[in-house]
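Chemist: Can you read through this structure? Questions will come right after.
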Amino acid sequence: MKLYETAMTPSAQRVNLFLLEKGIQVERVSMNVRAGDNLTPEFAAKSPTGKIPLLELDDGTCLVESIAICRYFDALHPDELALFGRTPLEQAQVEMWSRVVEIYGLQIAFQAFRHTTGVYADRERCIRAWGDEALLRLKEFLPKLERRLGEADYLAGEHYSVADITAYVLVRMLPRFDIEVNSPHLARWMERIEARPAVQTLNLT
Ligand SMILES: N[C@@H](CCC(=O)N[C@@H](CS)C(=O)NCC(=O)O)C(=O)O
């Protein structure tokens with residue numbers, strides 16, 4: 001199988017951090033999305049979204065959406081980390097926080113970045129007012145993360161999960177918007193996350 005990615009992008013980082021946590025190696029196809037490597041007819045034939053990451057299996061089946069790719073690897077290689085949760089309740093909490101962080105945090109940050117910078121103006125209509133609004137929504141979302149991390153060590157409760165990986169990738173984007181993490185629970189959670197060997201390896205690459 002082959003993982004098509006642009007390693008510096010947040011979505012690739014989500015999958016890479018997940019794979020590092022699980023100690024899984026996979027062949028990579030490095031793409032430059034800024035240069036439009038993902039805009040070719042060949043890539044469009046593999047992907048309904050045209051975005052990376054994309055996992056191509058040996059039989060030609062292609063998977064997009066970073067969480068779907070992570071789920072596939074997790075089902076192939078279950079382990080004691082149980083990054084999608086253990087008990088029915090924990091699995092639901094992981095799903096809940098993954099969706100909350102992705103829908104109200106990461107996707108909004110993507111919109112803010114794309115529409116305020118016009119970085120992908122060669123392939124989409126950029127609307128500055130929507131970028132400004134998305135940035136406001138992102139700023140309004142961060143206190144919700146802070147509140148949750150005041151209640152529990154990790155987003156889904158007592159265990160690190162894929163929801164924390166998504167949130168960590170989101171927090172890593174904040175300097176792009178000149179947003180500093182100075183809320184105490186979020187800062188302590190960041191210290192816990194950054195002490196993880198997988199995160200340290202990601203940050204070295
Ligand atoms: N929800 C998707 C987001 C994928 C996505 O937005 N990928 C970006 C990089 S972070 C991309 O391919 N950008 C190039 C483009 O939009 O043309 C996922 O989690 O995989």
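The values are calculated or read from the model by the stated rules, or taken from the named source; none is laboratory data. Keep in mind it's a predicted model, so treat the numbers as computed, not measured. Ideal geometry is used to build each Cβ from the backbone, glycine not excepted, and the neighbour counts take in all protein chains shown. Heavy atoms of the whole protein, side chains included, go into the accessibility calculation; ligands, DNA and RNA do not. Shrake-Rupley method; radii C 1.70, N 1.55, O 1.52, S 1.80 Å.
Chemist: Give the percent of DSSP beta bridges with both residues in region 2-76 that are antiparallel, rounded to the nearest 5.
Modeler: Around 60 percent of the beta bridges assigned by DSSP in region 2-76 are antiparallel ones.
Chemist: Measure off 7 Å from each Cα along the Cα-to-Cβ vector at CYS62 and GLN25, then give the distance between these two points in nanometres to one decimal.
Modeler: 2.7
Chemist: Then there's this: Return the loop-located GluC sites (Glu not before Pro) in region 171-205 (DSSP other than H, G, I, E, B) with at most 15 other Cβ atoms within 10 Å of their own Cβ; answer none if there are none.
Modeler: Filter output for region 171-205: GLU180.
Chemist: I need the fraction of alpha carbon pairs in region 88-196 separated by more than 21 Å, rounded to a whole percent.
Modeler: Beyond 21 Å sits 37 percent of the P(r) for region 88-196.
Chemist: Let me check against my output: what whole-number percent is the relative contact order of region 53-181, with C-alpha pairs under 8 Å and at least 6 apart?
Modeler: Worked out over region 53-181, it gives 24 percent.
Chemist: What length, rounded to one decimal in nm, is gained on full extension from LYS2 through to ARG137, with 0.36 nm per residue of separation minus their alpha-carbon distance?
Modeler: 45.0 nm
Chemist: Any idea of the accessible area per residue across the chain, 1.4 Å probe, to the nearest Å²?
Modeler: Per-residue accessible area for the chain comes out at 52 Å².
Chemist: On to the next question. How much of the pair distance distribution for region 1-60 lies past 20 Å, counting alpha-carbon pairs only, in percent?
Modeler: Summing the P(r) of region 1-60 above 20 Å gives 22 percent of all pairs.
Chemist: Averaging over every viewing direction, what projected area does the convex hull of the Cα atoms of region 1-123 cover, in nm²?
Modeler: 8.1
Chemist: Moving to a separate point now. Once you have the Kirkwood Rh of the chain from its Cα pairs, apply Stokes-Einstein at 4 °C and 1.567 mPa s and quote D in µm²/s.
Modeler: Estimated diffusion coefficient is 73 µm²/s.
Chemist: May I ask for the equivalent-ellipsoid semi-axes of region 158-205, computed as the square root of five times each C-alpha gyration tensor eigenvalue and listed largest first in whole Å?
Modeler: 17, 14, 10
Chemist: Show me the ranking of peptides 109-115, 148-154, 21-27 by mean Cβ neighbours inside 10 Å, starting with the highest.
Modeler: The most tightly packed comes first, giving 109-115, 148-154, 21-27.
Chemist: Also, I was wondering about something else. Taking the full set of protein chains and a 1.4 angstrom probe, give the accessible area of HIS159 in square angstrom, rounded to the nearest 10.
Modeler: My reading of the accessible area for HIS159 is about 60 Å².
Chemist: Could you tell me what percent of the accessible area of the chain is made up of carbon and sulfur, with a 1.4 Å probe and every protein chain present?
Modeler: 53
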